[in-house]
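Data first, discussion second: the structure below is written as structure tokens.
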Amino acid sequence: MGYAYEMVVCIINAGHSQDVVDAARKAGATGATVVKARGTANAKAEKLFGIPIQPEKEMVLNIVKAEIKDDVLRTLYQNCGLESEGQGIAFSLPVENVVGLKKITAAAKTEIDAEKEKKDGQETV
């Protein structure tokens, strides 16, 4: 059964969630939810993967149309994967039903981007 939407989940070291949000947007995602999390990996896992495991994590959740899911996952892997500073992993889950999403038109996206640029400009002052 094909699903219209997928939830792309990226678990990344704390402090790197904005990298995930930015990468997902490049691939067509329009929003995200960031949840603080804590990993429970032990020394054996560190040895197995050959990387230090940071316990403080963030989970970035994106609901995307199924047709862009692979692009989002690929972009996350390239920008935020295990080889990156954030050492992220990503996966997707099918979403059977969705309520509360509104279609983001090109005009609305332009408005959102302009607000973000304005906010970014104020933060650097």
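The values are calculated or read from the model by the stated rules, or taken from the named source; none is laboratory data. Predicted model only: the values in this text are computed from it and were never measured. Neighbour counts run over all protein chains shown; Cβ positions are idealised from the backbone, glycine included.
What the table below lists for this structure:
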quantity: Selection count, segment 52-72, where residues are hydrophobic (A, V, I, L, M, F, W, C) and closer than 14 Å to THR33 by Cβ; calculated: 5
quantity: Index of the failed condition, SER17 passing every other in (1) of a type in the set (S, T, N, Q); (2) crowded, with 19+ Cβ neighbours inside 10 Å; (3) at pLDDT 95 or above; (4) touching a helix residue (DSSP H, G or I) at 6+ places or on another chain (Cβ under 9 Å); calculated: (4)
quantity: Residue within segment 95-109 that is modelled with pLDDT of 70 or more and not in a loop (DSSP other than H, G, I, E, B) present; calculated: yes
quantity: Residues that are closer than 16 Å to GLN54 by Cα and hydrophobic (A, V, I, L, M, F, W, C), drawn from segment 81-103; calculated: LEU82, ILE89
quantity: Members of segment 36-66 that are modelled with pLDDT of 75 or more and either assigned to a loop (DSSP other than H, G, I, E, B) or among the acidic types (Asp, Glu) (or both); calculated: GLY39, THR40, PRO55, GLU56, GLU58
